[in-house]
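Following: one structure in structure tokens, then a few remarks.
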Amino acid sequence: MNSIGRLFCLTTFGESHGDSIGGILDGCPAGLSLDFELIQSELNRRKPGQSTITTERKESDVVKFHSGIFEGKTTGASIGFSIVNSNQNSKDYSHLKDSYRPSHSDFTYSKKYGLRDYRGGGRSSARETANWVVAGAIAKQLLSQVKINAYVSSVGPVFIDKNYSELDFSKIENNTVRCPDEATAQKMIELIESIKSEGDTVGGVISCVVQNAGIGLGEPIFNKLHANLGHALLSINAVKGVEFGSGFCASEMRGSEHNDLFNTDGTTKTNRSGGIQGGISNGMDIYFRVAFKPASTIMQSQQSINNSGQEIALDAKGRHDPCVVPRAVPIIEAMTAMVLADFYLLNRTSIL
């Protein structure tokens, strides 16, 4: 499946080491004035080679629009776009042609399809997420009143010991790890650099806060807001878990502790529900946390197998992120924006 969304629908194409990647975005209403600099700035936040704690691959990631836009405004037709791949080093992956990286998609892709594009992971590469950022940047402009802020809240054992309400989101872009707490950010960077020097990788958590989404987004039963957000967020490479509001901590609480009591204006005194009740937004801040595993490709020798089932010693090569979470921040925001835009259009058209 290469599409996501029902009305605000993105279909994508491309591989990590192909000529280009791109997509077709359907359902964007006509007459939306687009800020192309904003779209490019979102891509710049995701692109590789932006700091010493990311992959060394260099891509300009300049998006080219082919359709659906006239004189700076959307026409209501399909928006086609592409991003050229210009810095592939496919030879770095030739040693993987007949071998499988542990915990990578190499094995499952090969067994499912009978072949695989081993160059940088092919279609399974996080290079695909650049397409999502383009669509997400358009969704953000469609939902101009909604504020979506994602940030790195932990890397390995280093984490922010503050509630999101105590943080200044304007500081998220002040450091390469995208953590709004400067002291914690420096510890995160030092940890990532240390792990990178060992040829290893580390995981982390991204927190996201959505403000001004309003009441009524989401549907009962199978199209709950948090269910669709979970589907989108779990589609991101290396994501292993998503929790909304109190998340897993709720399992340790009593109802008398966990219930969000109402104020007379319909707001709640607490927000352990994370802004979603019964699968529908309740007007409070929507907040959630997304856990990322360590990248599976490490620069250390590992025991593995080849496509004949023989045990081998695998020494990986290529350019890889020692920690994926800094570059995943704009991806989290993009996927969130697309889901919200889809529900916004569904609400506006009364389609269930």
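Only residues that are hydroxyl-bearing (Ser, Thr, Tyr) and either crowded, with 18+ Cβ neighbours inside 10 Å or outside any loop (DSSP other than H, G, I, E, B) (or both): list them for region 221-249, please.
Answer for region 221-249, where residues must be hydroxyl-bearing (Ser, Thr, Tyr) and either crowded, with 18+ Cβ neighbours inside 10 Å or outside any loop (DSSP other than H, G, I, E, B) (or both): just 246.
Name every residue in region 295-319 that is crowded, with 19+ Cβ neighbours inside 10 Å and either free of Cβ contacts under 8 Å to residues at least 60 places away in the same chain or closer than 30 Å to residue 249 by Cβ (or both), in order of residue number.
295
What do you reckon, is residue 95 modelled with pLDDT under 95, surrounded by fewer than 18 Cβ atoms within 10 Å (Cβ to Cβ) and part of a loop (DSSP other than H, G, I, E, B)?
It is false that residue 95 is modelled with pLDDT under 95, surrounded by fewer than 18 Cβ atoms within 10 Å (Cβ to Cβ) and part of a loop (DSSP other than H, G, I, E, B).
Quick one: in region 126-153, of everything that is in contact with a strand residue (DSSP E or B) (Cβ under 9 Å, 6 or more places away or on another chain), surrounded by fewer than 22 Cβ atoms within 10 Å (Cβ to Cβ) and polar (S, T, N, Q), which residue is nearest to residue 32 (Cα to Cα)?
Among those that are in contact with a strand residue (DSSP E or B) (Cβ under 9 Å, 6 or more places away or on another chain), surrounded by fewer than 22 Cβ atoms within 10 Å (Cβ to Cβ) and polar (S, T, N, Q), it is 141.
Yes or no: residue 140 farther than 20 Å from residue 9 by Cα, among the charged types (D, E, K, R) and outside any loop (DSSP other than H, G, I, E, B)?
In short, no.
Can you tell me which residue in region 273-314 is nearest to residue 325 (Cα to Cα), limited to those that are among the polar types (S, T, N, Q) and modelled with pLDDT of 95 or more?
273
When you go through (1) in contact with a His (Cβ under 9 Å, 6 or more places away or on another chain); (2) part of a strand (DSSP E or B) one by one for residue 270, which number turns out not to apply?
Status for residue 270: all satisfied but (2).
Test of understanding: among 41, 82, 67, which residue is at pLDDT 95 or above and surrounded by 14 or more Cβ atoms within 10 Å (Cβ to Cβ)?
After ruling out the rest, the residue left standing is 82.
Where in region 1-89 are the strands (runs of 3 or more DSSP E), entirely inside, with at least 3 residues that are closer than 17 Å to residue 132 by Cβ and hydrophobic (A, V, I, L, M, F, W, C)?
9-14, 20-26, 79-84
Looking at (1) in contact (Cβ under 8 Å) with a residue 40 or more places away in the chain; (2) more than 19 Å from the chain's Cα centre (by Cα), which one does residue 134 not meet, given that it meets all the others?
Evaluating residue 134 over (1) in contact (Cβ under 8 Å) with a residue 40 or more places away in the chain; (2) more than 19 Å from the chain's Cα centre (by Cα) leaves (2) as the failure.
Tell me, yes or no, whether region 304-321 has at least one residue that is aliphatic (A, V, I, L, M) and touching a helix residue (DSSP H, G or I) at 6+ places or on another chain (Cβ under 6 Å). Show your work before the answer.
Going through region 304-321, the residues aliphatic (A, V, I, L, M) turn out to be 305, 312-314, 316.
Still in the list and also touching a helix residue (DSSP H, G or I) at 6+ places or on another chain (Cβ under 6 Å): none.
Checking region 304-321: not a single residue is aliphatic (A, V, I, L, M) and touching a helix residue (DSSP H, G or I) at 6+ places or on another chain (Cβ under 6 Å).
The values are calculated or read from the model by the stated rules, or taken from the named source; none is laboratory data. Just so it is clear, the structure is predicted and the values come from calculations on it, not from any experiment. Counting neighbours? That spans all protein chains shown, and the Cβs are built from the backbone with ideal geometry, glycine included.
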